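Below is one structure, written out as structure tokens; comments come after it.
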2 protein chains.
Amino acid sequence: MEEIIPHWLNKQASLAPSQVAIEELDGSTLTFLQLQKESSTYARKLASWGITEGSHVGILSTNCKEMVIAIHALSYLGAVAVLLNTRLTIAELNFQLTDAEVSFLLTEQDKFDQAKELQVENYKAFSALTAFPERNIELVKEIKLNKVFTIIYTSGTTGHPKGVIHTYGNHWWSAIGSALNLGINPADKWLAALPIFHVSGLSILIRSVVYGMSVFLLNKFDAAAVHDAIMNRNVTMVSVVTIMLQQLLNFHQDDTYPKSFRCMLLGGGPAPKPLLQQARDRNIPVFQSFGMTETASQIVTLSAKDALQKVGSAGKPLLPAQLKINNPNEQSIGEIYVKGPMITKGYYKNNYATENAFIDGWLATGDLGYLDSEDFLYVVDRRTDLIISGGENIYPSELESVLTGMKQIKEIAVIGMKDSTWGEVPVAFIVTEDELLNAEEVLAYAESHLAKYKLPREIIFVKELPRNASNKIVRKDLYSYLPGKEE
Amino acid sequence: MEEIIPHWLNKQASLAPSQVAIEELDGSTLTFLQLQKESSTYARKLASWGITEGSHVGILSTNCKEMVIAIHALSYLGAVAVLLNTRLTIAELNFQLTDAEVSFLLTEQDKFDQAKELQVENYKAFSALTAFPERNIELVKEIKLNKVFTIIYTSGTTGHPKGVIHTYGNHWWSAIGSALNLGINPADKWLAALPIFHVSGLSILIRSVVYGMSVFLLNKFDAAAVHDAIMNRNVTMVSVVTIMLQQLLNFHQDDTYPKSFRCMLLGGGPAPKPLLQQARDRNIPVFQSFGMTETASQIVTLSAKDALQKVGSAGKPLLPAQLKINNPNEQSIGEIYVKGPMITKGYYKNNYATENAFIDGWLATGDLGYLDSEDFLYVVDRRTDLIISGGENIYPSELESVLTGMKQIKEIAVIGMKDSTWGEVPVAFIVTEDELLNAEEVLAYAESHLAKYKLPREIIFVKELPRNASNKIVRKDLYSYLPGKEE
């Protein structure tokens, strides 16, 4: 039975017309009624351009009000939004545009020149649509939860990116799962600094229209702006990844966040424990979480009441979700499998990848983790990064986490290097601003914290770590630094 | 696509094991972990008795812990709970037991003697099951939202009651719709004094396992106990019908409820405006609502921010729901139609009633109402002459149908008379040719066929009933017979 609900933005325009939906850095706001009117108008203009139900429409933009309006407008037409990472190269974008069969592309003004080089029939800057007439059509009034709303490509550290299909239902269930864990408070205002072209950012917009909640929209992450928004703009919740948390902790270390600030939702992979402890010491309510594009954002999240006792854990699966550790080893570590109605039904036109990802209805995440005695999840590492040395498993994230405790180390990445004796040995790449720091000191610190077999065999100081468009470290690029080393 | 979620009670036992699920008047409590264990154990005992997936199991009980455990236990077996109104007569109960094809009946101790007279193959008191062994079976771990969970009878406008089928999804969506309106607060404790055999009481139990929220369970409504629970037991929300609100307002009029008390959810038909104003004057946060068994409890509810400005309105449809006024007259009044995933898919084995209730996917509620300029619903009246007495629905046609069985009665018409205590009470107008027939005889006959709350408060013998040109009874003309009574 397919479930049908009224269009969520219409609903909020009726239930909470004067509530602020979007607030920007310059103080300008859009209420839900205004957002609904602007999105409806924009939808009619998009219809004049030729966009219709089922059209695949690319969006190439950093966070801005126009992007939010465009996404809602597409929902009013029953069109599919293909959200593109603005950090990608032309070649990477063209792969996604072609793969997702995008026939229209909307861009922010700054990306318009780039669009000219892209393989897409129709493209316009958001603002160019204002000149279009409003086509007199019936807009979508009801959301069918089984209908496709968005396609977002996974960053693809191995092989070609895959287009993750999200139905309205996936987004809905994600928002509900989050609400049942974090609660719903009428005073909430959620800061969106994560890109909307990632599901982590997009999911904040969906929560906004499902809860009737204000979003504080930043064009991009900026520690000073986020700090100020928390301190002075009544922001109660923020989504961050590790590096952002790190920067926030370094910012005005003496400030205590207002009591109304109730959630720093931390995603994007395992976080170093010293960082989490530092946050705890400053009474910052960090909720670690685990999720991926396929799960429409967080699917496992620490709850408020467990945040202090379970530092380092990603928590428990959200109410509508299930979790299991597949084929655990002697240390109870195995691949994390998840299941739930927020999880994608598959990859766009990629049955092979879909079939490989799902086993008996469970999504095999490719991540390794274990459950403690109270069933709290600890994410250990990407299975693909696992280093096996002399029969012992070494998880790069563990070394990274420990060595981050050394205050001179700014960033670190660990990979496995082939070794004729041990099979593989770990090598650490370190970014530091301390010119006096040397390998001996690092090793001495490591020796005091890690079993001998886990110690990095080599320590290489680098200016910066290679990162992909999603700001994730591309470990495979580190292999070129190794002497006579191939992946 | 059928959605699947983990069993909600298992989930809360994992997410919030030590959180109180059920608190009783005597102070005894069950945590979610305890409730899950007791319900699982009870399920295995029920399995020994012979209950299996798809069994229809009647429950005849007033509110108690054992009833809650039994309902959850049935969900662990995939059995269907048929919730029976304890106020019904043997004849009325037998109709429902037979109609719903009930093969097992569980009762509270006090109702066990009554059960002996009922047409059901197997019956036991809750406590009798403790002697049973635990059958070693696999309990339900996942809830399929399309699966049937409960059947609750509702009186029909024409004669026989109809069994409203609720899937797990209906209950789930009802709980979520409520949460999106009223918010979710970890400190919430919801008082259940409404009978669990009504969907208004049952829905509190469902919210409890969906939110991980404590329920303060009362055997029955008692103004002193409810008042005390609000004042001294940290109850934050209470569901009431009009008569209960009235009694609460009369109770310790000088007391101001604690600030943490945040919702008096008022259902069960239109409430008199003076009562609502009185509540407002005492700063009691009354949220009027509209709903029925078919909508799995409230489907239209006033929100906190509108409660003061819109006294007398039932509010707006909950987020997943839609509302329209069908065929409005010159005063904009028409029949209330509703739509949404919390609404029943139909009546048990009664396609005729189901087809009549639904028009193009909308449920025709039989209630009349209008929307103000801001789309707030005002319920005007029952199109169907429904009498609401102390929160219970009484259909004149049912009384007329039953009493016509008395051969001395030639014609009969029943209407509702306003009553300061009950809101309304039924009055019967009878035409007879038997000069010896008196009110006592009629009442005696009625008592043997009808639940007590349905009994006519007055019986008025008339020479003939007022009829229009089409020979239909003109009920409104009957009101002139009532003492000091206007329509």
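Read-outs throughout are calculated quantities, based only on the coordinates presented, and are distinct from any laboratory measurement. For clarity, every value in this text was computed on a predicted model and none was experimentally measured. Glycine gets a Cβ as well: all are built from the backbone with ideal geometry, and neighbour counts include every protein chain shown.
Annotations
- A DSSP coil position with no more than 11 other Cβ atoms inside 10 Å describes the following trypsin sites (Lys or Arg not before Pro) in region A:77-183: A:LYS116, A:LYS141.
- DSSP assigns beta bridges within the protein assembly as shown; of those with both partners inside it, close to 55 percent run antiparallel.
- Cα-based helix-to-principal-axis angle, B:199-211 vs chain B, degrees rounded to 10: 30 degrees
- Between the residues B:VAL442, B:ALA364, B:LEU129, the greatest Cα displacement towards the positive end of the dipole of the protein assembly as shown, with unit charges on the Cβ of Lys, Arg, Asp and Glu, is found for B:ALA364.
- Average Cα contact separation per residue, chain A, under 8 Å, 6 or more apart, as relative contact order %: 11 percent
- Subset of B:LYS310/B:LYS339; B:LYS116/B:LYS141; A:LYS316/B:LYS305; A:LYS144/B:LYS273; A:LYS37/B:LYS345; A:LYS273/B:LYS37 violating a 27 Å alpha-carbon distance limit: B:LYS116/B:LYS141; A:LYS316/B:LYS305; A:LYS144/B:LYS273; A:LYS37/B:LYS345; A:LYS273/B:LYS37
- Residues whose placed amide H lies under 5 Å from that of B:VAL380, excluding near-sequence neighbours: B:LEU368, B:GLY369, B:TYR370
- About the centre of its Cα atoms, region A:4-381 shows a dipole size close to 780 debye [charges on the beta carbon of Lys, Arg (+1) and Asp, Glu (-1) only; nearest 20 debye].
- Cβ-based exposure ranking for B:ASP306, A:ASP222, B:ASP367, in which fewest neighbours within 10 Å come first: A:ASP222, B:ASP306, B:ASP367
- Placing a pseudo-label 7 Å from each Cα along the Cα-to-Cβ vector at A:HIS160 and A:ASN136 gives an inter-label distance of 4.5 nm.
- Hz values of 3J(HN,Hα) by residue in region A:308-324 - Karplus curve (6.51, -1.76, 1.60), Gly and Pro given as x: 7, 6, 10, 4, x, 8, 8, x, 10, x, 4, 3, x, 10, 10, 9, 8
- Axis angle, to the nearest 10 degrees, between helix A:32-49 and the longest C-alpha principal axis of chain A: 80 degrees.
- Basic side chains Lys and Arg get +1 at the Cβ, acidic Asp and Glu get -1 at the Cβ, and with that the dipole of region A:386-481 about its Cα centre reaches some 360 debye.
- Amide H contacts of B:ARG467: B:VAL474, each under 5 Å away and 5 or more positions distant or on a separate chain (H built 1.01 Å from N in the peptide plane; Pro and chain starts excluded).
- Relative to the current alpha-carbon distance between A:PHE461 and A:ARG282, full extension at 0.36 nm per residue lengthens the span by 61.4 nm.
- Relative to one another, the C-alpha centroids of region B:106-152 and region A:29-103 are positioned 53 Å apart.
- Partner chain coverage, peptide B:310-323 - average Cβ within 10 angstrom: 3
- Rounded to 5, percent antiparallel among DSSP beta bridges of chain A: 55 percent
- Across region A:111-119, rounded Karplus estimates of 3J(HN,Hα) from the backbone phi angles (6.51 cos²θ - 1.76 cosθ + 1.60, θ = phi - 60°) give 9, 5, 4, 4, 4, 4, 8, 8, 7 Hz, Gly and Pro being marked x.
- Between B:LYS116 and A:ASP372, the simple spin-label model (points 7 angstrom out along Cα→Cβ) gives 5.7 nm.
- Residues A:SER103, B:SER200, A:SER332, A:SER420, ranked from the fewest to the most other C-beta atoms within 10 Å, line up as A:SER420, A:SER332, A:SER103, B:SER200.
- Residue among A:LEU145, A:ALA193, A:THR293 farthest towards the positive dipole end of the protein assembly as shown, charges placed on Cβ: A:ALA193
- Of the residues A:ALA16, A:ILE206, B:PHE261, the one whose Cα sits farthest towards the positive end of the charge dipole of the protein assembly as shown is A:ALA16 (charges of +1 on Lys and Arg Cβ, -1 on Asp and Glu Cβ, taken about the Cα centre).
- Ranked list, fewest to most other Cβ atoms within 10 Å of each Cβ, for A:HIS166, A:HIS7: A:HIS7, A:HIS166
- Separation of alpha-carbon centers, region A:231-251 and region A:342-392, rounded to whole Å: 29 Å
- Each Cα pair under 8 Å and six or more residues apart adds its sequence gap; the mean of these over the residue count of region A:374-487 is a relative contact order of 22 percent.
- Loop-resident sites, region B:23-60, for GluC sites (Glu not before Pro), counting at most 12 other Cβ within 10 Å (DSSP): B:GLU53
- Charge dipole magnitude, Cβ of K and R +1, D and E -1 - the protein assembly as shown, Cα centre, debye nearest 20: 400 debye
- Cα long-axis angle, helix B:168-182 against chain B (0 to 90 degrees, to the nearest 10): 80 degrees
- Note on A:LYS349 and A:ALA451: the model spin-label points, each 7 Å out from Cα along the C-beta direction, lie 4.8 nm apart.
- Taking every C-alpha pair closer than 8 Å and separated by at least 6 residues, the mean separation divided by the residue count of region B:85-206 gives a relative contact order of 18 percent.
- Three-way shape label, region A:386-481, alpha-carbon gyration tensor, a/c 1.5: oblate
- Around the amide H of B:MET417, modelled in the peptide plane, lie the amide H atoms of B:VAL425, B:VAL427, all under 5 Å away and 5 or more residues distant in sequence or on another chain.
- The phi-based Karplus calculation (6.51 cos²θ - 1.76 cosθ + 1.60; θ = phi - 60°) puts the 3J(HN,Hα) values of region A:50-66 at x, 6, 9, 4, x, 4, 9, 10, x, 10, 10, 7, 7, 4, 7, 4, 4 Hz, whole numbers, x for Gly and Pro.
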